[in-house]
Amino acid sequence: MENITVIGGGAAGMMAAISAAKSGHEVLLIEKNEKLGKKIYITGKGRCNVTNACDFDEFQRSIVTNSRFMFSSLRGFFNDDLMAMIEEAGCPLKTERGDRVFPVSDKASDITKALERILRELKVRIRLNTEVKELIKRAPSNSDSEGSFEIRCEGKTGKPEIYLSKNVIVCTGGLSYRTTGSTGDGYRFAEEYGHEIKEPVPALVPLTLLENDAKDMQGLSLRNIEIRISPIRDEKATIYSDFGEMLFTHFGVSGPVILSASSYITNALRDGERFVLHIDLKPALSPEKLDERILRDFSENINKNFENSISKLYPLKLIPVIIKRSGIDPHKKVNSISKKERERLISVTKDLSFTITGTRDFNEAIITQGGISVKDINPKTMESKKVKGLYFAGEVLDIDAKTGGFNLQLAFSTGYAAGRYAGE
Ligand SMILES: Cc1cc2nc3c(=O)[nH]c(=O)nc-3n(C[C@H](O)[C@H](O)[C@H](O)COP(=O)(O)OP(=O)(O)OC[C@H]3O[C@@H](n4cnc5c(N)ncnc54)[C@H](O)[C@@H]3O)c2cc1C
């Protein structure tokens, strides 16, 4: 019988297997794909933003769901521990803008290779192409006082395989990018033992918009803009605000600030709530300064039509939308544009707004929000409070964070805790 079996060879599962083996246990790692860490290969656009090098408080603030639950496992294995482990395994790292940490090689595969090297050194047994179908807790007997788990699997050829294990760590991931293997199996295993599942919803996901003029700007990327999200019923209230980059697409908007914003509204969108996206196109300029800037541009184009006088102020694809929304006649000569009209132009520039109608689906979601409720999980050990010897780690749990390397660290820290305490 195995002492510890880890189900799922993603970030959380590899780390759980490593820390369990480091604690002296014999470990079996079961993965249904033909290789480990399939999702890691596509992280950070193939470069893998493996963690974020910010301090502990900043890290906690970047967790969107259940940051208090994460306190203990992050303290036990934080970004510096992870970075040291990966570098010692032969993969040098570098820190970029926003404390984002990447392999120096810019190759996500080097992160997986480093983790595989450690697994090999620690002699973790790995079963690839093996899908866990059922997880059964057997009743205690004379020879097995605490009861063990029967793990029923199916090999690539459909051949059934059964493993027995004292402890099981479930690291099967969420529901996003299913082709990488995360198909929600862990939710089923947990539910069978009475765990509550918070409804999984796509997060860090592009947003769909109502207005058609958004589609006209498809392909337009905006830098150094500020966004603010408010509920449609109270446009003054702010649910989320951020500064950075975004992108218009054929369905709505995407890009870093939009993905991060999505995590704060995805649940409510599901419940039918609507939100407003406010874009400040010139956050560095107060309305007064912006007016001065507009007047300067107008004075340089004194005999031109309005539509031909604002190309310095806005990207080309934005101009028709700005003109339409400002209500200023595009053929009007700039020297006859009134102060009132300029005020409308300033208002549109500082608050170009769109109605958010929903999110794209799991196929485009960086992570899954929701999952196994943490109220029944011990935050120090990751053990189920309902079933002894059963542990959960990674995205399968109801934990998630903003973009920037935080989500992988959540998977690594919870995986490390589960491996460290399983079998104690
Ligand atoms: C496109 C994209 C880019 C991303 N970029 C970043 C980034 O740069 N930085 C960052 O921090 N986060 C990023 N993330 C998020 C991050 O990748 C995940 O949060 C993290 O990988 C979750 O790790 P996990 O081990 O919990 O789950 P997963 O990585 O999903 O691993 C689960 C594993 O379990 C296996 N499995 C599932 N069911 C079974 C079963 N029944 N039997 C056997 N095996 C099973 C799966 O095949 C899979 O290998 C990105 C995500 C995506 C989709």
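Pairs from the table (LYS317/LYS350; LYS137/LYS166; LYS133/LYS156; LYS215/LYS333; LYS22/LYS94) lying more than 19 angstrom apart at Cα are LYS215/LYS333; LYS22/LYS94. Kirkwood's formula applied to the C-alpha pairs of segment 275-364 gives a hydrodynamic radius of 14.1 angstrom. Would you please classify the overall shape of segment 5-52 from the alpha carbon gyration tensor, given that a ≥ b ≥ c denote the square roots of the eigenvalues, rounded means a/c under 1.5, and beyond that prolate means a/b larger than b/c while oblate covers the rest? Note, shape of segment 5-52 comes out oblate.
Taking label positions 7 Å along the Cα-Cβ direction at both ARG178 and PHE56, the computed distance is 4.1 nm, reported to one decimal. Taking every Cα-Cα distance in the chain and sorting them into 20 Å bins starting at zero, the pair-distance distribution P(r) comes out as 25, 46, 21, 7, 0 percent. The ranking of HIS331, HIS278, HIS195 from fewest to most other beta carbons within 10 Å of each one's beta carbon is HIS331, HIS278, HIS195. Taken along the Cα-to-beta-carbon direction at a fixed 7 Å, the label points for GLU424 and SER105 span 3.5 nm. Normalising the average separation of contacting C-alpha pairs (under 8 angstrom, six or more residues apart) by the number of residues puts the relative contact order of segment 206-360 at 32 percent.
Could you tell me whether segment 184-311 comes out rounded, prolate or oblate from its Cα gyration tensor? Rule is a ≥ b ≥ c as square roots of the eigenvalues, rounded for a/c under 1.5, then prolate if a/b exceeds b/c, otherwise oblate. Judged from the Cα gyration tensor, segment 184-311 comes out prolate (a/c at least 1.5, a/b above b/c). LYS339: which aspartates and glutamates have alpha carbons under 19 Å from its alpha carbon, excluding same-chain residues fewer than 8 sequence positions away? Counting by Cα, and skipping residues close in sequence, LYS339 has these aspartates and glutamates nearby: GLU288, ASP291, GLU292, ASP297, GLU300, GLU307, ASP329, ASP351. Mind running the shape call on segment 95-140? Use the C-alpha gyration tensor, a ≥ b ≥ c as the square roots of the eigenvalues: rounded below 1.5 for a/c, prolate if a/b tops b/c, oblate otherwise. Since a/c reaches 1.5 and a/b is larger than b/c, the shape of segment 95-140 is classed as prolate. Principal axis analysis of the Cα atoms in segment 290-336 yields extents of 22, 19, 15 Å, listed in decreasing size.
Every read-out reported here was derived from the displayed coordinates using simple, explicitly stated rules and does not represent laboratory data. None of the values given here were measured: they were computed from a predicted structure. Heads up, the Cβs are rebuilt from the backbone with ideal geometry, glycines too, and the neighbour counts pull from every protein chain shown.
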